[in-house]
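Report on one structure; see the data block that follows.
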Amino acid sequence: MQGWIKLHREILESDLWNDVTTFRLFSYLLLKASHKDGVKIQGEEVNRGQWIRSYRKLAQDLAYKEGRGLKEYSLKTISKCVNKLVKADRVTIQETEQGTLFTIVNYAKYQDEIEGILETGNAIGKEPETKGKRTVNKNKNANNAKNAKEEILIAEIKDLRRQYSSEIQSLIDQYWMVIKKTRTSGKIHYSVILKAMKKWTKFDPVVIQYALKKHIEAYDDGEHKEEYTLGIMRNTSPGQAEDMLNRKSSNGFNKTIPKKDIRDKEIEFQRWIQDGKDPEDFNWKN
């Protein structure tokens, strides 16, 4: 397995940081967890943030050097560490025929946070040796200025993100992954994200949660942009959002919001956007 993972700094302030064995186990699960859905492990299909492993194999995987040889943790120790992670709401477990299915809770929190999800242009690479020192310094200064601006945008985005529950934060990360597909470049600038999230602040959190879930589950098609989500928010009251979230747990989302003739309105809204008109001027009522 190749690649890298991100580790959130909040872990330094948690009890996990002072528990060497449990910290090693959690880090190992993060490293081994699937980074995408539909991956086969020992014949079992796992989704993003999941991995299958037996406790006995984990004891072998986490063997540490002692003296001239390697020493394994006992199964009791592994079980105790797993239980700590479960109680701390960092992982969930489910027994399968192939072993224990580990699911990282809020996997997006560790691997999808805004600066990890999105890319904003290309970094300046190594300058050709034929260019003079003055050109190199000029490019470095320009790049530093750009990075400083982006850091300010990222900080503002994070401040907005922190206002919501961990569940909504996870939805936000998933949502922007979906929205990336609407761009031919596969990239979204931080200024676009900040502008959209500032507009969200006008709505109740439950409306935001519903709209993001709705978009992620029903409109992950590379065509519906962030303006469409804003339309859902404007057209949904907190009571309707809460009711639909409760219904969704058993029925799932359909590609319509439960209002009279809303399907026609949604089609009309998409045409409105395609014609280059301002989505905020669209009339949802008539």
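The values are calculated or read from the model by the stated rules, or taken from the named source; none is laboratory data. Computed from a predicted model, the values in this text were never measured in an experiment. Glycine gets a Cβ as well: all are built from the backbone with ideal geometry, and neighbour counts include every protein chain shown.
Numbers below:
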{"quantity": "Hits in region 42-65 - residues which are at pLDDT below 90 and more than 28 Å from Ser170 (Cα to Cα)", "calculated": "Gln42, Gly43"}
{"quantity": "Residues of region 1-49 classified as loosely packed, with under 11 Cβ neighbours inside 10 Å and under 18 Å from the mean Cα position of the chain (by Cα), total", "calculated": "5"}
{"quantity": "Tally of residues being part of a loop (DSSP other than H, G, I, E, B), over 20 Å from Glu223 (Cα atoms) and among the aliphatic types (A, V, I, L, M) across region 188-205", "calculated": "0"}
{"quantity": "Criterion violated by Thr256 - all others in (1) under 22 Å from Val178 (Cα atoms); (2) among the hydroxyl-bearing types (Ser, Thr, Tyr); (3) at pLDDT 70 or above satisfied", "calculated": "(3)"}
{"quantity": "Filter result (touching a helix residue (DSSP H, G or I) at 6+ places or on another chain (Cβ under 8 Å) and farther than 20 Å from Lys202 by Cα) within region 152-169", "calculated": "Ile154"}
{"quantity": "From the options Ile216, Ile208, residue that is at pLDDT 95 or above and either within 19 Å of the chain's Cα centre (by Cα) or among the aliphatic types (A, V, I, L, M) (or both)", "calculated": "Ile208"}
{"quantity": "Qualifying residue in region 31-47 (condition: within 14 Å of Thr100 (Cα to Cα) and of a type in the set (Asp, Glu))", "calculated": "yes"}
{"quantity": "Restricting region 156-184 to residues that are without any contact (Cβ under 8 Å) to a residue 24 or more places away in the chain and closer than 18 Å to Asp220 by Cβ, the residue that is nearest to the chain's Cα centre (by Cα)", "calculated": "Arg183"}
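Let's see how each residue does on (1) of a type in the set (Lys, Arg); (2) surrounded by 14 or more Cβ atoms within 10 Å (Cβ to Cβ):
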| position | (1), (2) |
| --- | --- |
| Arg56 | yes, no |
| Ala59 | no, yes |
| Gly67 | no, no |
| Asn83 | no, no |
| Lys87 | yes, no |
